[in-house]
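Novice: Structure below; questions to follow.
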Amino acid sequence: MTSAALHLRRRVESCELQHMEFAVHFDGLKRRIDDTLSGFSPRIEWLVGPSRVGKSMLAKCLVRLYPTARDGGRRTVPVLRVPFQPSISPKLLPISVLTALDVPLPQRGLASGVMVNRMADQLRLAGTRVLIFEEASHLVEPGSKVPPRAAADWVKAVHDELNITVFMFGVPRLRRLFESNEQLRLRASACREFRPYRWHVEDERRAFATCVLTFAKLFEDAGWPIDLTREQLIGQCYLLSGGLVGVVARFMEELAAIASDTPPRPIDLADCKSAVQVIEVASHPHHPAFVGERITPIELDQTHGYVLEMNGMGARRSVT
């Protein structure tokens, strides 16, 4: 692999394209963190959106603003990002937090209550005031070993007893957690929805196009221009993703990998088809991407609707 190809792949993989709604959610959640760190009452915030819409990027960007520090010999972690794994169990709830804190885990065989106390002690020692639970919807998946109401009670207890702000990010299935426990629901703020770009809304269509063209410029600058018109590339990428920028990013990563196997040259339609074949796409089954040349607005709208339907999200009531 040449240095130019390696540089292209690294630039594509490190390119963070923030959704228009990203700034809205980022600003609102940052305000909650700042309030908590200033001594105001903790909050429970939850955000839902399809996979690949940008939830993980949002969590990572928030954590980067409040990095781990050392004061003397003490390590402080004001904001902690905690990914939840599938098939999570009661004991794995506190273990997930301890693992995220990067502290030694207690010996095996300890009761769940002991693990919770260990978690509470370590959070206090680290001065952690905000927990960001990623993939929180795993708590209500069929494989979860924690009943939804019990999981909600655990979250409520962490918030109440430790006086900690809790953010919960997940796919729309996360709503079931709040529906299962009225005490958690009434403590929480209103649900935030992180949605994919809509094609029929001009500002969102332009923002999506900017994301696609930002990637295209990386290819062009490296010597592998994408040999499609701007309109073709933008439309095909929308068919591919239904407005999910994360899917576009994954497609571009594979396209860069294909480019790296050849000397600099134009990237053609066949290359795009090859990249599509090795990724999970969000395309409508009747409107596959990079197949036909002509794309209609109806196909683009149906693709967006398909993404919402597959993720249990209805259309917005109004266009803003």
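Novice: Going through the stretch 38-54 one residue at a time, which ones are closer than 24 Å to ALA152 by Cα and either assigned by TED's automatic domain parsing to the domain that holds THR214 or in contact (Cβ under 8 Å) with a residue 24 or more places away in the chain (or both)?
Specialist: Passing the criteria: PRO42, ARG43, ILE44, GLU45, TRP46, LEU47, VAL48, GLY49, PRO50, SER51.
Novice: Does GLU193 count as free of Cβ contacts under 8 Å to residues at least 40 places away in the same chain and either exposed (fewer than 15 other Cβ atoms within 10 Å of the Cβ) or not hydrophobic (A, V, I, L, M, F, W, C) (or both)?
Specialist: For GLU193, the condition - free of Cβ contacts under 8 Å to residues at least 40 places away in the same chain and either exposed (fewer than 15 other Cβ atoms within 10 Å of the Cβ) or not hydrophobic (A, V, I, L, M, F, W, C) (or both) - is not met.
Novice: Now, a different point. Assigned by TED's automatic domain parsing to the domain that holds GLN183, surrounded by fewer than 18 Cβ atoms within 10 Å (Cβ to Cβ) and of a type in the set (A, V, I, L, M, F, W, C), is that true of ALA59?
Specialist: no
Novice: Here's something else I'd like to know. In the stretch 235-264, what residues are of a type in the set (D, E, K, R) and at pLDDT below 95?
Specialist: Hit for the stretch 235-264 is ASP261, nothing else.
Novice: Residue check: is ARG31 under 22 Å from the mean Cα position of the chain (by Cα) and free of Cβ contacts under 8 Å to residues at least 24 places away in the same chain?
Specialist: yes
Novice: Continuing with this model, one more query. So, of the residues in the stretch 125-147 that are modelled with pLDDT under 90 and under 13 Å from LEU93 (Cβ atoms), which turns out to be nearest to the chain's Cα centre (by Cα)?
Specialist: SER144
Novice: Can you name the residue in the stretch 208-236 that is among the β-branched types (Val, Ile, Thr) and outside any helix (DSSP H, G or I) and is also surrounded by the most Cβ atoms within 10 Å (Cβ to Cβ) among such residues?
Specialist: Among those that are among the β-branched types (Val, Ile, Thr) and outside any helix (DSSP H, G or I), it is ILE226.
Novice: Right, something else. Of the residues VAL79, VAL97, VAL140, VAL103, which single one is under 30 Å from GLU309 (Cα atoms), surrounded by 15 or more Cβ atoms within 10 Å (Cβ to Cβ) and without any contact (Cβ under 8 Å) to a residue 60 or more places away in the chain?
Specialist: VAL140
Novice: Please indicate, with yes or no, whether at least one residue in the stretch 11-28 is surrounded by 13 or more Cβ atoms within 10 Å (Cβ to Cβ), of a type in the set (Ser, Thr, Tyr) and at pLDDT below 95.
Specialist: no
Novice: Same structure, new question: Do any residues in the stretch 279-299 that are farther than 10 Å from SER241 by Cα have Cβ atoms under 7 Å from those of residues that are of a type in the set (Gly, Ala, Ser) and modelled with pLDDT of 95 or more, where the two are at least six apart or on different chains, and which pairs are they?
Specialist: Sorted first by the residue in the stretch 279-299, then by its partner, the pairs are ILE295/GLY235.
Novice: Taking strands (runs of 3 or more DSSP E) that fall entirely within the stretch 46-156, which contain at least 1 residues that are under 26 Å from ILE279 (Cα atoms)?
Specialist: 79-83, 130-134
Novice: I've got another one for you. Given the residues VAL53, VAL48, which is the only one that is within 12 Å of the chain's Cα centre (by Cα), at pLDDT 95 or above, surrounded by 13 or more Cβ atoms within 10 Å (Cβ to Cβ) and within 30 Å of LEU177 (Cα to Cα)?
Specialist: The match here is VAL48.
Novice: Same structure again: Check the stretch 158-170 and report whether any residue there is modelled with pLDDT of 90 or more, farther than 30 Å from ARG70 by Cβ and surrounded by 19 or more Cβ atoms within 10 Å (Cβ to Cβ).
Specialist: Yes, because at least one residue in the stretch 158-170 is modelled with pLDDT of 90 or more, farther than 30 Å from ARG70 by Cβ and surrounded by 19 or more Cβ atoms within 10 Å (Cβ to Cβ).
The values are calculated or read from the model by the stated rules, or taken from the named source; none is laboratory data. Everything numeric in this text was worked out from a predicted model, so none of it was measured. In this analysis, Cβ positions are derived from the backbone assuming ideal geometry, glycine residues included, and neighbour counts consider all displayed protein chains.
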